[in-house]
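Here is the structure we will look at, set down as structure tokens.
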Amino acid sequence: MLAKKEFNDIVDWTWYPVPDGSGITPYDCSNCNGTDCSKEVCQVDHIEACTVHVLCPYNQTSCDKANQMAQSKFVGCMEWDHQKDPGASHASDCANKAGISFADYDKIHECANSPVSAEVMDFIAKQSNKAKVQYYPDIRLDGSEAQGDYTTVKGFETMICDAYKGSDSP
């Protein structure tokens with residue numbers, strides 16, 4: 001839904017891909033045994049964290065709208081299109097589908113295979129603890145925990161439209 005231009009144009013969103021069971025530093029996917037965490041999902045977490053690091057770094061006050069749109073399309077592909085078969089092997093195809101440049105994908109891939117991804121994931125974990133996140137997805141509008149139905153596209157669209165204070169409603 002955030003990959004729709006009319007919503008992308010009015011929303012500044014920050015994505016915190018939370019480690020799935022691999023939340024023990026240093027986020028080493030080789031420690032995943034399939035019981036406590038999935039190696040495939042852990043690898044996806046590293047790629048998603050690096051996607052944020054490259055396209056919409058956390059040290060920016062806002063993200064370029066084109067990068068935000070690409071990030072939104074990428075997460076949609078990785079999390080929804082491949083939810084029955086999660087894995088890092090989908091990253092290249094999802095990046096292509098999302099319009100992520102080859103140069104940026106190379107940076108994402110390099111990051112995911114370096115200690116930088118664990119540093120980004122550690123930052124995400126600290127932000128989640130700081131915000132006292134109780135469940136996922138944790139959706140906040142204007143900094144407050146969202147209230148309403150965000151389990152459906154229509155419900156999420158309604159929440160955004162109700163919270164929007166601009167002149168050009170989507």
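Give me the residue from the stretch 116-158 that is among the aromatic types (F, W, Y) and assigned to a helix (DSSP H, G or I) and, out of that set, modelled with the highest pLDDT.
Applying the filter and picking the extreme gives F123.
I need the full set of residues from the stretch 30-46 which are in contact (Cβ under 8 Å) with a residue 60 or more places away in the chain and open to solvent by 20 Å² or more (accessible area, probe 1.4 Å), in order please.
Q43 - this is the single residue of the stretch 30-46 that is in contact (Cβ under 8 Å) with a residue 60 or more places away in the chain and open to solvent by 20 Å² or more (accessible area, probe 1.4 Å).
So, K65, is that one basic (K, R) and either open to solvent by less than 30 Å² (accessible area, probe 1.4 Å) or closer than 16 Å to Y16 by Cα (or both) or not?
In short, no.
Run H90 past the list (1) under 16 Å from the mean Cα position of the chain (by Cα); (2) under 26 Å from G155 (Cα atoms); (3) crowded, with 16+ Cβ neighbours inside 10 Å and report the number of the one that doesn't hold.
(2)
Restricting the stretch 77-87 to residues that are more than 12 Å from T51 (Cβ to Cβ) and touching a residue at least 24 places away in the same chain (Cβ under 8 Å), which is surrounded by the fewest Cβ atoms within 10 Å (Cβ to Cβ)?
G87
Could you tell me whether Y27 is at pLDDT below 80, of a type in the set (S, T, Y), open to solvent by less than 30 Å² (accessible area, probe 1.4 Å) and farther than 13 Å from A98 by Cβ?
When the stated conditions are applied, Y27 passes them.
Between C161, C111, which is open to solvent by less than 60 Å² (accessible area, probe 1.4 Å), modelled with pLDDT of 75 or more, over 17 Å from H46 (Cβ atoms) and not in a loop (DSSP other than H, G, I, E, B)?
Details: C111 fails: over 17 Å from H46 (Cβ atoms).
Of the residues listed, the single one that is open to solvent by less than 60 Å² (accessible area, probe 1.4 Å), modelled with pLDDT of 75 or more, over 17 Å from H46 (Cβ atoms) and not in a loop (DSSP other than H, G, I, E, B) is C161.
Touching a helix residue (DSSP H, G or I) at 6+ places or on another chain (Cβ under 9 Å), open to solvent by less than 20 Å² (accessible area, probe 1.4 Å) and farther than 24 Å from V11 by Cα: does that describe V116?
So V116 fails the test.
Looking only at the stretch 47-76, count how many residues are basic (K, R) and without any contact (Cβ under 8 Å) to a residue 60 or more places away in the chain.
Here the count works out to 1.
Of all residues in the stretch 95-107, which are in contact (Cβ under 8 Å) with a residue 40 or more places away in the chain and either surrounded by fewer than 16 Cβ atoms within 10 Å (Cβ to Cβ) or out of contact with any Phe, Trp or Tyr (no Cβ under 9 Å at 6 or more places or on another chain) (or both)?
Once the filter is applied, which keeps residues that are in contact (Cβ under 8 Å) with a residue 40 or more places away in the chain and either surrounded by fewer than 16 Cβ atoms within 10 Å (Cβ to Cβ) or out of contact with any Phe, Trp or Tyr (no Cβ under 9 Å at 6 or more places or on another chain) (or both), the stretch 95-107 yields D104, K107.
The values are calculated or read from the model by the stated rules, or taken from the named source; none is laboratory data. All values reported here derive from a predicted model rather than from experimental measurement. Because the Cβ atoms are built from the backbone with ideal geometry, glycine has one as well, and the counts that use them run over all protein chains shown. The protein model used for the area step is the full one, side chains on, heavy atoms only, and it has no ligands, DNA or RNA in it. Shrake-Rupley method; radii C 1.70, N 1.55, O 1.52, S 1.80 Å.
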